[in-house]
Every structure is written in C-alpha cells, then in structure tokens.
1. Please list 99-110, 48-59, 128-139 highest first by mean number of surrounding beta-carbon atoms within 10 Å per residue.
2. Checking the cross-link filter: which lysines have an alpha carbon closer than 29 Å to that of residue 84, excluding same-chain neighbours under 8 positions apart?
3. For Cα pairs less than 8 Å apart in space and 6+ apart in sequence, what is the mean separation divided by the residue count of segment 98-168, i.e. the relative contact order in percent?
4. Mind jotting down the three principal axis lengths of the chain based on Cα atoms? Whole angstrom, largest first.
5. Run the numbers for residue 31 and residue 141: contour at 0.36 nm per residue of separation, minus the present Cα-Cα distance, in nm.
6. Going by accessible area, probe 1.4 Å, with all protein chains left in place, what is the ranking of 176, 22, largest first?
7. For segment 41-49, take each phi angle, set θ = phi - 60°, evaluate the Karplus expression 6.51 cos²θ - 1.76 cosθ + 1.60, and give the result in whole Hz per residue in order, putting x for glycine and proline.
8. Counting only the heavy atoms of the protein chains, how much of residue 47 is accessible to a 1.4 Å probe, in Å² to the nearest 10?
Amino acid sequence: MIQQFKDKIELYAYQTIKEGKIECGDSYYYTATDEYFVCVLADGLGSGQYAHEASAAVVSVVEQHHHEDVDTLMKYCNNILVQKRGAAVSIFKVYFETREFVYSCVGNIRFFLYTSNGKLTYPLPVTGYLSGKPQVFHTQRFIYEPQSKFLIYSDGFDNIHGAKTILNGYRSVGAIAEQIKSEYANSMDDATFIVGSLL
C-alpha cells in the first residue's frame, strides 16, 4: 500500500515470510514529523521466532526514540540486542528543511538513493550485525534533490540487480514496487523492501 507523509514523502513497503515459518524475521518502522522522516529496517539473524524477537526489539526502540539522531538510535538498537539473536540494522533519517539524508547500517541490508539528476548513491554498510557487543558505526550524510527516490531491502531480496534502472525515470513508487514484487519474489527467506520518493 502506498502511503504519503506531510506531502513530503511517498512510499511503499512490502514484506514476505520465509516458506514454512509463522513469524517474519524482518521488521520495519517508519514515521514522519513536520521536521523529519525516519525509517528502520532490521533483519534478525536466521528466521522464525528468535529472529523476529530480535528485529522487533530494534523496531520498538526506534519507535520510542525516533526524535534522537541516527548515531544514538543505532546505539540504542545495539544495546537492546544484548542476549538476543542479533540483527542487521539500517536506519535513515530525512530532514526536510535542509534536504539532508542521514544513513547508517550494520549488516547485509542494501540501500540506494537515486536523485532526479541521475546520480545513484550506494552507501556501503559496516559488515557484521548488532548483538550488544561494542560496535563502530559509519553514519553518512547526503544532500538530496526534490523527486529523489530511495530503495532499501533486506537480503531476502538480494537477487535485485540494476537498482539504477529500477529507480530511473518518472515511474511511480507503486509501479517500481510492482516490478520488484513480480521480478524478484523469494520464498526461501524473509524478505522486505521499502521504496520511496522524496517530493
């Protein structure tokens, strides 16, 4: 389903569960205020109950503290995973007034930002996963143009190729989402993607 926030961002989120499992090991959350939009995607290690428990804990702590900066949120996420399964975690925050994109990720989650003038940004994540152990974060900042698009996905969609081609042009968020769903379906793992347009 397509959602709009504050006439500043439009997005589509989609998730499937690994075949044979009841609970999804991926979790996500997003919200917007007048000043910013924040999104977190967490992929609990493995699949099933304990993967879900880990990713859901990450989402819950971001939901409670989304007003904090991205570095602080990543630290909260790491701390909440003590004695849990562990998770790959990606958080980004969009500041509307300054058109600034702040991004941080640990683990195998992919993110692409495609600007209206054709520039593709692919920030490299820190390898590994969050588990409560001391962790170095690599938070990056980008300026975005109006009508820029973004795509973030867990490794259940790791067969996606050609992100620039997918995000290129004036296609709607809904059309992009339908292409990804039809061409890159995967029942062998939990899989989540969120595609959005910054209006």
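The values are calculated or read from the model by the stated rules, or taken from the named source; none is laboratory data. Everything quoted here is computed from the prediction, not taken from an experiment. Neighbour counts run over all protein chains shown; Cβ positions are idealised from the backbone, glycine included. Keep in mind that these areas ignore ligands, DNA and RNA; they rest on the heavy atoms of the full protein, side chains included. Shrake-Rupley method; radii C 1.70, N 1.55, O 1.52, S 1.80 Å.
1. Values: 99-110: 20.0, 48-59: 22.1, 128-139: 15.3.
Going from most to least packed, we get 48-59, 99-110, 128-139.
2. 18, 21, 75, 93, 133
3. Numbers: 105 pairs, mean separation 31.0, N = 71.
RCO, segment 98-168: 44 percent.
4. 44, 35, 27
5. Here the segment from residue 31 to residue 141 would lengthen by 37.7 nm.
6. Largest to smallest exposure gives the sequence 22, 176.
7. 10, 10, 10, x, 4, x, 8, x, 4
8. Accessible surface of residue 47 is approximately 30 Å².
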